[in-house]
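Notes follow once the structure below has been shown.
The values are calculated or read from the model by the stated rules, or taken from the named source; none is laboratory data. Since the structure is predicted, the reported quantities are computational estimates derived from the model, not experimental observations. Just so you know, the surface numbers come from the protein's heavy atoms only, side chains and all, with ligands and any DNA or RNA stripped out. Shrake-Rupley method; radii C 1.70, N 1.55, O 1.52, S 1.80 Å.
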Amino acid sequence: RYDITPELFEKQLAYLQGHGFVTITLDQLAAHLIDGTTLSALKPIILTFDDGWENQYMHAFPLLKKYNMLGTFYVFTNPIRKNEHFLTWYQLREMDAAGMTIGSHTLSHPYLDKLSLEQLMHEISESKKVLESELKKPVSHFATPFGYSSDLIMSTARDAGYLTSRIIDPDAYQTKDDL
């Protein structure tokens, strides 16, 4: 449902590029919504990748570079260096240095709506701290595991210092006040 082959992804990138779409960062979008800055692209698009699977480095990252596009990679931090199928810190640093955005996706990818407030705060804030410590830069963007959201989750992410939070909800929309 959420995965595609590298060949199909390349066709999608070629289509986007051929039709004038330009990838922008979440920082650019946030500045546009908060400060009213002008976006650098007439047809802006944001490409996101969840979980931090190693195949994102092996397949998506090279294709993004080939098409001169950017992506946001939301990673949950517990499996980094502990599981051969997930990104390593070296790979994350390389992607970050190439202009990709690295965002938080919690520590362990739990169902956030099933956690106590203390557990929720820990998952959201500690993953940010781990990423910032390893990447040596602020991490400002968060994506909820499984796309689930609530007012409590959004306020917890805001209180942890995230500038944006990405969810999957066809009925949700974001305004300047939601950031």
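For the reader, a short list of remarks on this structure follows.
- Counting only aspartates and glutamates at least 8 places from Lys136 when in the same chain, those with an alpha carbon closer than 14 Å to its own are Glu94, Asp96.
- Among the listed pairs Lys82/Lys128; Lys43/Lys65; Lys11/Lys43; Lys66/Lys128; Lys43/Lys128, a Cα-Cα separation exceeding 22 Å is found for Lys66/Lys128; Lys43/Lys128.
- Rg(Cα)/(2.2 N^0.38 Å) for segment 46-88, N = residue count: 1.15
- Rolling a 1.4 Å probe over the protein heavy atoms leaves Ile4 with an accessible area of roughly 80 Å².
- 17 Å tail of the calculated P(r), segment 57-179, as % of Cα pairs: 56 percent
- With all protein chains modelled, accessible area of Asp50 [1.4 Å, Å²]: 40 Å²
- Probe 1.4 Å, protein heavy atoms only - accessible area per residue of segment 1-111 in square angstrom: 56 Å²
- Kyte-Doolittle at least -1.0, axis length at least 20 Å by Cα - qualifying DSSP helices, the chain: 117-135
- Computed extension length for Asn83-Val22: 18.6 nm, one decimal, from 0.36 nm per residue of separation with the Cα-Cα distance subtracted.
- Full extension of the segment from Leu39 to Gln119, taken as 0.36 nm per residue of separation minus the current Cα-Cα distance, would add 25.1 nm.
- Among Glu118, Glu94, Glu126, the largest mean-square fluctuation in a Gaussian network model of the chain, built with springs joining Cα atoms closer than 10 Å, belongs to Glu118.
- For the chain, share of DSSP beta bridges that run antiparallel, in % to the nearest 5: 5 percent
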